[in-house]
Amino acid sequence: MTASWEALSAKPPAQKLGFFSRDGRLYDCLFAAQFDRPLLDRLCALADHMRDITKDRSGDDFLRGLLAHKRVMLYFSQPSTRTFLSHMSACHILGLRVMETRDLKTSSEVKGETLDDTIRTFASYVDLIIMRHNGAGVAERAAWVLNTSPRPVPVINAGSGPDEHPTQALLDIYSLQRYLGGVDGKHIVMVGDLKRGRTVRSLSQLMRNFKGVRLTFAAPEPFRMKPDILEFLTTHGIPFRETDDLGSALKDADAVYMTRIQDEHDKDGESKGVDYAPFFLSKARMALLPKHAVVMHPLPRREELPAELDDDPRNVIFRQERNGMWARTALIAHIFGLEDQVLARRP
Ligand code: NCD
C-alpha cells in the first residue's frame with residue numbers, strides 16, 4: 001500500500017492502476033487510463049447481455065437479486081441529470097439500495113467537515129460511493145482515503161471538475177461500438193470546449209485501445225484541447241489534427257462528438273467574447289456528414305446541436321444517454337465481481 005497521498009498522486013496514471021484494482025478487476029473507477037481493451041470489450045458485451053436478460057421479467061428479477069444486500073451513496077456536489085439518473089437506474093437494476101447527497105447545504109461539510117471525513121462517513125453506511133465533484137482529482141483522493149482506511153469501499157468517479165469523466169467515456173465507447181460496429185479505424189471529430197470538457201479528455205485517452213483511430217479537434221482558439229492530452233496522443237501514436245474548420249472535418253467523419261461551452265469554469269467571464277457559432281451543427285453542416293456517421297453529445301446541449309436535427313437518424317444522443325445506464329450497470333457488476341454469474345444466465 002502506498003502510504004502517502006502525495007506520493008501516489010504524483011505518479012502517472014499507469015503506475016497508479018494497481019492501487020485502485022483488486023483480484024485483476026477494477027475496484028475504484030477513477031480515470032480513463034484504467035480501461036484497457038479487454039476490459040472495454042468485456043464491459044460492452046456484459047452491457048449487451050444485461051439488456052437481453054432484462055427483456056423478460058425473470059431476468060430482471062435475477063439481476064435485481066444480485067446486489068440486494070448492498071447499499072450505495074450517490075454523492076453529487078455538481079449539477080447532474082443523466083449521469084445521476086443513469087447511475088441510480090443501474091443501481092436499481094442490480095438491486096442496490098440507494099442513498100443520495102446532492103445539495104451540499106444538507107451535508108455537514110457546511111459545518112466545516114473535511115471531504116476525507118465526509119467520505120469515510122459514507123463508507124460507514126454503504127458498500128459503494130458514486131461521486132461527482134467540481135475538483136479535479138477529488139474522486140481519486142476519496143478512493144485513496146478509503147483504501148488506506150480500515151473500511152474501504154469502491155469509488156466511481158462520475159465527473160471530477162474539468163478533469164476526467166471515465167464512465168461517460170465508457171458509455172461513449174459502448175455507443176460507438178453499437179452504432180459503428182467498432183472503434184478501430186474510425187475518424188472521430190470532437191467539437192466545442194475541449195479545454196474544459198472532461199468528457200472529451202477521458203474519451204480521447206480511451207482511443208489508445210483502438211487501432212487506426214484518427215481524431216480531429218475542432219474548437220475555438222481559447223478552448224483548444226490541453227497539451228497534456230495532445231502529448232498523451234503523441235506518446236501513444238494516435239494521429240490527431242486541430243482545426244477551426246468544422247465543415248471540412250465533417251466530410252469524412254465516422255462520429256462527431258459535440259460538446260457545449262463549459263462556462264461554469266469561467267474565472268473571468270472568458271467564454272463571453274468567444275464566437276462559438278462556427279462550432280455549431282446545422283442542417284447545412286449535417287449535409288456534409290457521411291450517411292453512415294453518428295452524431296453524439298454527452299449532454300446537456302445548447303445551440304451547438306439544435307433540436308431541429310433530432311429527426312436525423314444519425315443523431316443518436318438519446319440512445320447514447322440510455323446506453324449510459326447499461327454501461328454503468330455493467331461497470332458496477334464488474335466491480336462487485338458478478339461478470340461470470342451474469343454471463344452464465346441465458347436470456
Ligand atoms: C457532461 C459533464 O457533466 O461533464 N455531462 C454528462 O455527464 N453527461 C457534459 C457537460 O456538462 O457538458
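Name the shape class, rounded, prolate or oblate, that the alpha-carbon gyration tensor gives for the range 265-342, where a ≥ b ≥ c are the square roots of its eigenvalues, rounded holds for a/c under 1.5, and otherwise prolate holds if a/b is larger than b/c and oblate otherwise.
oblate
Would you list, by chain and number, the lysines whose Cα falls below 28 Å from the Cα of residue 267, excluding same-chain residues fewer than 8 positions away?
Correct list for residue 267: 105, 111, 195, 226.
With a cut-off of 19 Å, note down the residues of the range 27-55 whose backbone N falls inside the zone around a label point 7 Å from the Cα of residue 136 toward its beta carbon.
Zone members listed by number: 30-34.
Determine, for each peptide in 274-284, 199-209, the mean count of other beta carbons within 10 angstrom over its residues, then list the peptides with the highest first.
199-209, 274-284
Which Rg and Dmax, in Å, describe the Cα atoms of the range 151-197?
When restricted to the Cα atoms of the range 151-197, Rg and Dmax are 13.9, 44 Å.
Could you give the nm distance between label points at residue 268 and residue 301, where each point is 7 Å from its Cα heading toward the beta carbon?
Placing both labels 7 Å beyond Cα along the Cβ direction yields 3.4 nm.
Roughly speaking, what is the centre-to-centre gap between the range 227-299 and the range 44-118 when only Cα atoms are used, to the nearest Å?
Value for the Cα centre distance between the two parts: 31 Å.
Can you find, among 249, 271, 174, the residue sitting farthest towards the positive end of the charge dipole of the range 166-315, where Lys and Arg contribute +1 and Asp and Glu -1 at Cβ?
174
Looking at the chain as a GNM with Cα springs under 10 Å, which of 299, 94, 115 has the largest mean-square fluctuation?
Largest GNM mean-square fluctuation: 115.
Return the percentage of antiparallel bridges among DSSP beta bridges fully within the chain, rounded to the nearest 5 %.
Close to 10 percent.
Translational diffusion coefficient, Stokes-Einstein: compute it for the range 107-161 using the Kirkwood radius over C-alpha pairs as Rh, at 4 °C and 1.567 mPa s, and state it as an integer in µm² s⁻¹.
116 µm²/s
Can I get the semi-axes of the range 118-192's equivalent ellipsoid? Compute them from the C-alpha gyration tensor as square roots of 5 times the eigenvalues, in angstrom, largest first. Mind dumping the intermediate values first?
On the way: eigenvalues 202, 39, 16 Å².
Each semi-axis is √(5λ); the values are 32, 14, 9 Å.
Over the Cα atoms of the range 226-275, compute the convex hull volume and normalise it per residue, giving Å³.
Roughly 117 Å³ of hull volume per residue.
Based on the Cα atoms of the range 216-347, what semi-axes does the equivalent ellipsoid have, where each is the square root of 5 times one gyration tensor eigenvalue, given in whole Å with the largest first? Show your work: numbers first, answer last.
On the way: eigenvalues 189, 84, 58 Å².
After diagonalising the Cα gyration tensor, the semi-axes are 31, 21, 17 Å.
Give the Cα extents of the chain along the principal axes, in whole Å, largest first.
Result for the chain: principal-axis Cα extents of 55, 50, 37 Å.
Using only Cα atoms, figure out Rg for the range 1-93 and give it as a multiple of 2.2 N^0.38 Å.
Relative to the rule-of-thumb radius for its length, the range 1-93 sits at 1.34.
GNM, the chain, Cα, under 10 Å: largest mean-square fluctuation among 192, 112, 212?
Comparing 192, 112, 212 in a Gaussian network model of the chain, the most mobile one is 112.
Rank-order 82-89, 333-340 by packing density, defined as the average count of other C-beta atoms within 10 Å over each peptide's residues, highest first.
82-89, 333-340
To the nearest 20 debye, what is the magnitude of the charge dipole of the chain about its Cα centre, counting +1 on the Cβ of each Lys and Arg and -1 on the Cβ of each Asp and Glu?
On the way: 48 positive and 46 negative charges, 165 e Å.
With Lys and Arg at +1 and Asp and Glu at -1, about 800 debye.
Count neighbours as other Cβ atoms within 10 Å of each site's Cβ, and list the GluC sites (Glu not before Pro) in the range 180-281 that are DSSP loop with at most 15 such neighbours.
Answer by residue number: 270.
Regarding the range 165-254, what is the average projected area of its C-alpha convex hull, in nm²?
Computed as one quarter of the Cα hull surface, the answer is 5.3 nm².
Can you give the three extents of the C-alpha atoms in the range 69-108 along their principal axes, from longest to shortest, in whole Å?
29, 22, 7
Each reported figure results from applying straightforward, stated rules to the coordinates on display, with no laboratory input. Treat the numbers as computed from the prediction; the structure is a model and nothing was measured. Methodologically, a virtual Cβ is constructed for each residue, glycine included, from the backbone with ideal geometry; neighbour enumeration extends over all protein chains shown.
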